[in-house]
Every structure is written in C-alpha cells, then in structure tokens.
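Computed from the coordinates by the stated procedures, all read-outs in this text should not be read as laboratory data. For clarity, every value in this text was computed on a predicted model and none was experimentally measured. Glycine also receives a Cβ, built like all others from the backbone with ideal geometry; neighbour counts cover every protein chain displayed.
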Amino acid sequence: MDTIDRIFDRTVAEVIVREELEQKLRSGRKLRLKLGLDPSKPNLHIGHAIGLRKLRQFQELGHQIVLIVGDWTARIGDPSGRDASRTMLSAEEVQRNAETYMQQFNIVVDRSRTKVRWQSEWFGKFTLTDVFDLTSRFTMAQMMAHETFRKRWEEGRPLTLMELMYPALQAYDSVAIEADIEFGGMDQKFNILAGRDLQSSLGLPPQDVFLVPLLPGTDGRKMSKSFGNTIDLTDPPDQMYGKAMSISDAMLDEYLTLVSEIADAELEEIRHELARGTVNPRDVKMRLAHDIVRQFHGEKAAREAEAEFVRVFQQRELPSEIPVYECKDDQPIAIIKLLVGAGLAKSTSEARRLITQGGVRVNDEKVQDISAVIEPRDGTIVRVGRRRFVEIKRRDQ
RNA sequence: GGGCAGGUACCCAAGUGGCCAAAGGGGGCUGACUGUAAAUCAGCUGGCUAAGCCUUCGGUGGUUCAAAUCCGCCCCUGCCCA
C-alpha cells in the first residue's frame with residue numbers, strides 16, 4: 001500500500017471517477033483541490049475533520065488546496081438537507097465567520113499550503129448576461145433531481161428561485177479556479193457534480209469528486225449545532241472526552257471507523273470482541289474518547305481528560321476545576337436566588353423545579369426546601385445534577 | 001390579479017368562544033438504575049414578589065362579561081386558475 005493507495009482508505013465514501021483520479025495522482029502533476037467554505041456556520045466539528053485529514057494527506061503529496069470562501073453562496077445558505085429557507089447573512093457576518101473558520105481549519109490543515117479565494121472575486125463582477133449564460137446551462141429537471149429541492153417542492157414548502165441557483169454558483173467556482181478535484185461531505189454530491197457538468201459544458205476538463213461520509217451526531221441524528229450533538233474542534237479536552245463518552249452504543253462502530261486513528265487490523269479485532277461480548281463497550285468508548293482528544297489536544301491532555309472523567313463520573317467526585325461564583329457580601333442568600341445568580345438555573349421557576357426534583361446539593365447535602373437560605377462561605381460547593389458545579393467565594397471588597 | 005387552505009410554545013403538531021399556560025410527539029432537564037454524560041424506566045418542561053398574579057397562539061384594530069378560537073384590515077406561506 002503506497003501513499004497514493006492510502007488516500008482511498010476507510011474514511012472515503014465515494015470517488016467519482018476513481019480511475020481518473022488515480023491517474024491524475026500518478027501523473028506527478030500538482031493538482032488543485034477545491035474545498036468550499038460555508039461561512040454561515042463557522043464552527044468545525046470532528047465530522048469536518050474527516051475531510052480535513054484527507055486534505056492534509058493530499059498536501060503531503062505536494063498538491064495545492066484552494067479554499068473558496070463562499071461569501072455569495074453563504075448569502076443564499078446551502079439548501080442541501082434543509083427544509084426551510086434561511087435568512088441571508090450580512091457581509092460583515094460572512095467576514096467574521098470566515099476568519100473563525102480559517103482558524104479552526106488550521107488545526108488540521110497546513111495553512112501555508114492553502115490558497116484562499118473569495119467568490120466575490122468573480123461574482124462581484126457578474127452581469128445579468130453572465131447570470132443568463134450560467135443559468136441556461138442547467139434545467140429545472142436537473143435541479144429537481146436534487147432530493148432536497150424535490151422534497152421541498154412535493155411537500156409544498158417554500159423554495160425560492162435564489163436557492164435554486166445555489167448549485168450553479170458553487171459549480172461556477174470550479175470553473176473560476178480550474179479545479180482538478182473538489183472535496184465535500186456526501187451531502188455535497190449534487191453540488192460538486194454540478195461543477196463537473198458545468199466544466200464539461202464549457203469545454204474544460206471536469207473535476208473529480210471526492211466525498212467523505214457524513215458523521216452522525218453523538219446521538220445518531222444528523223450532527224448539528226442545533227441538536228447539541230456535535231464534538232467541536234475547539235472543545236476543551238474535558239468536554240471533548242465527555243462528549244465522546246456520550247455517544248450512544250449504536251454509533252460506536254461508525255465513530256471508531258471514521259474518527260479514530262486506530263489501525264485497520266486492530267479495529268477488526270475490537271469489532272470481534274464487541275460482537276462476542278468479551279469486552280465492555282464502555283472501555284472501547286474510553287479508548288475512542290482518548291484517541292479523539294489525543295488527535296486534537298495531544299497525548300498528555302487525553303490522559304488528563306480521561307482521569308478527570310473517571311473521577312467525576314465514575315467515582316462521582318468533584319471535578320478538579322470548579323467555576324467560582326463571587327458573592328458580594330456575606331449576607332445569607334436564598335438558595336433560589338443563588339442558583340439563578342450563579343447561572344445554574346435559567347429562571348426562578350427552573351430553580352424551584354430543580355430543588356423539588358432533588359437535583360440540588362450544597363456541600364453534597366441534598367436541598368429539599370424551596371425557601372432554604374444558605375450562608376455563603378468560601379469553598380461552599382453548589383451542585384446541580386451531575387455536571388453543573390459552582391464554588392462560592394466572597395469578593396474582597 | 002382571482003379562488004381555496006394555512007401561520008399555535010425550542011421543533012413538529014392538536015385545539016375553532018369560558019373546563020387553556022394551551023393535548024400528543026420530539027428535544028431538553030431532574031431522578032432511579034447501570035457499564036459512561038450509553039440503554040431503559042419515572043417525573044418535570046412560559047414567567048413572577050408563587051395555593052395568587054402576569055405575559056404568550058403571524059401583526060393590528062374590533063365584537064363579547066369572556067377570544068388561540070368570532071369579525072375587519074395588514075404581513076407571510078402553499079395549492080389551483082391567469
């Protein structure tokens with residue numbers, strides 16, 4: 001297995017056209033790899049990391065990455081997989097988001113070997129004539145082949161003309177930069193293929209399509225910030241470890257395959273043991289969590305996060321670092337006020353509920369009385385549920 | 001431009017004069033249990049100075065003792081016709 005074969009490993013979903021791409025790779029030519037950046041959601045999670053790791057591999061083979069800042073397409077919002085239109089972003093938001101994105105992109109990919117191009121470089125000069133020329137190369141039937149568009153249409157949901165143009169714009173990017181390969185998740189298949197078609201239509205060599213699988217969220221649903229089931233690249237080690245431990249058992253295999261860097265042979269062994277029941281799934285999950293933290297924060301952080309997890313969740317001890325809540329004075333304070341003030345409850349009503357349900361502890365003693373009043377002493381620990389803690393400290397005048 | 005059907009809480013969705021802070025599901029939270037923040041089961045899930053009060057059902061103005069529910073106008077969406 002040479003370095004080129006390693007490009008086509010277990011984290012690849014589909015390559016169109018595989019033989020063509022292999023030929024390009026072996027030709028020794030320096031290739032231009034396109035990746036579109038969607039500045040409407042700048043936060044990168046470990047699902048994105050699958051594709052980014054691939055890009056780094058290509059970089060190591062000496063190829064050129066071109067990162068397209070989709071400042072025009074972001075204003076539309078990628079309709080793929082969406083059942084409702086999104087509100088348009090302002091130019092400033094796009095700028096800000098793009099910066100955040102590129103910082104996180106850097107965690108995995110070598111920035112110095114990445115060229116950044118903005119869509120406005122070409123779309124800023126677009127005239128209506130150009131729009132006609134572009135849109136005349138796609139038919140409604142082609143667009144309706146896109147499952148998202150078809151479903152929206154069939155279910156009678158709103159679908160704007162502007163959204164219909166999204167694939168065409170993304171396709172034109174490939175023309176503008178003369179991409180040899182475009183990268184994306186499986187949800188990008190349609191858009192990337194549109195680029196391939198458009199290039200051919202204009203007499204250019206068509207790009208190859210390199211697709212990585214979409215990683216489901218920790219709960220098995222689509223990984224999305226709004227579900228709160230992501231593991232972000234910027235998550236601190238403890239949180240990353242904990243989130244990895246919270247993936248449901250059903251997702252374990254997929255995560256091991258796509259996210260961990262455990263070697264194929266060993267992974268096969270782990271699968272057998274899981275199937276035979278000779279290993280505790282929890283321990284495999286710990287191995288996975290460790291591996292994930294290691295990739296993004298290093299071995300030392302991974303070991304520490306693991307120790308912390310064992311301490312807090314398995315032995316139910318206090319975490320090593322607890323947020324501090326400063327009290328203005330030493331006046332006794334109603335527990336409800338304290339919970340809200342320290343951000344442990346969103347409202348008084350919620351604080352009451354938490355107490356009634358037995359979820360509140362002060363210095364490890366359950367508080368049952370809604371009207372309880374406590375003396376704020378330095379070092380008093382207030383705990384809500386399993387995971388929320390606060391340590392009281394009096395502010396020195 | 002005309003006709004018809006819609007807009008309900010974080011999301012989906014019931015409710016068509018008082019019994020509505022509003023069914024049900026999802027999500028979230030808490031508890032029990034455990035093998036972990038997995039799985040399963042149970043409870044909770046607008047706010048407040050809290051057995052009472054206040055705000056919410058696209059917007060606004062009415063009718064009524066009483067409106068998510070009835071009426072007028074406006075905004076938004078879909079379907080059919082042009």
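See the values below:
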| item | result |
| --- | --- |
| Folded to 0 to 90 degrees: helix A:91-108 orientation relative to chain A principal axis, Cα | 80 |
| Percentage relative contact order, chain A, counting C-alpha pairs under 8 Å, at least six apart | 14 |
| Radius 15 Å from Cβ of A:Asp238, net charge of other residues (Lys, Arg +1; Asp, Glu -1) | +1 |
| Under Karplus coefficients 6.51, -1.76 and 1.60, residue-wise ³J(HN,Hα) of segment A:34-41 in Hz, glycine/proline x | 9, 9, x, 10, 9, x, 8, 9 |
| Dipole moment magnitude, nearest 20 debye, chain A about Cα centre, only Lys, Arg, Asp, Glu C-beta charged | 720 |
| Chain A, helix-only ellipticity at 222 nm - DSSP H runs n ≥ 4, -39,500 (n - 2.57), divided by all residues, nearest 500 | -12500 deg cm²/dmol |
| Pairwise centroid distance, computed over Cα atoms, of segment A:137-176 with segment A:289-307, Å | 42 |
| Label-to-label distance, nm, for residues given as A:Arg377 and A:Ile107 (7 Å Cα→Cβ offset) | 4.1 |
| Chymotrypsin sites (Phe, Trp or Tyr not before Pro) restricted to DSSP loop in segment A:313-397 with at most 12 other C-beta within 10 Å | none |
| Whole-number D in µm² s⁻¹ for segment A:3-212, Kirkwood Cα-pair radius fed into Stokes-Einstein, 25 °C, 0.890 mPa s | 139 |
| Where only alpha carbons of segment A:143-198 are counted, the Rg and the Dmax (Å) | 12.2, 38 |
| Among A:Met245, A:Ile262, A:Val279 - extreme Cα towards positive end, dipole of segment A:239-285, charges at beta-carbon | A:Met245 |
| Filtered trypsin sites (Lys or Arg not before Pro), segment A:28-58: DSSP coil and at most 16 other beta carbons within 10 Å | A:Arg29, A:Lys30 |
| Relative intensity, log₁₀ I(q)/I(0), of chain A from a Debye sum that treats every alpha carbon as a point, q = 0.09, 0.10, 0.13 Å⁻¹ | -0.69, -0.81, -1.13 |
| Relative contact order [Cα under 8 Å, 6+ residues apart], segment A:213-284, whole percent | 26 |
| FRET efficiency estimate (nearest 0.05) - Cβ-Cβ, A:Met162 to A:Ala141, R0 30 angstrom | 0.95 |
| Positive minus negative residues near A:Leu202 (Lys, Arg vs Asp, Glu; Cβ under 14 Å) | -3 |
| Hz values of 3J(HN,Hα) by residue in segment A:257-267 - Karplus curve (6.51, -1.76, 1.60), Gly and Pro given as x | 5, 8, 9, 6, 10, 5, 4, 3, 4, 5, 4 |
| Positive-pole candidate from A:Asn97, A:Val362, A:Gly51, dipole of chain A, charges at beta carbon | A:Val362 |
| Potential extension, A:Lys125-A:Glu154 segment - 0.36 nm per residue separation minus Cα distance | 6.9 nm |
| Rh (Kirkwood; distinct C-alpha pairs) - segment A:225-314, Å | 13.4 |
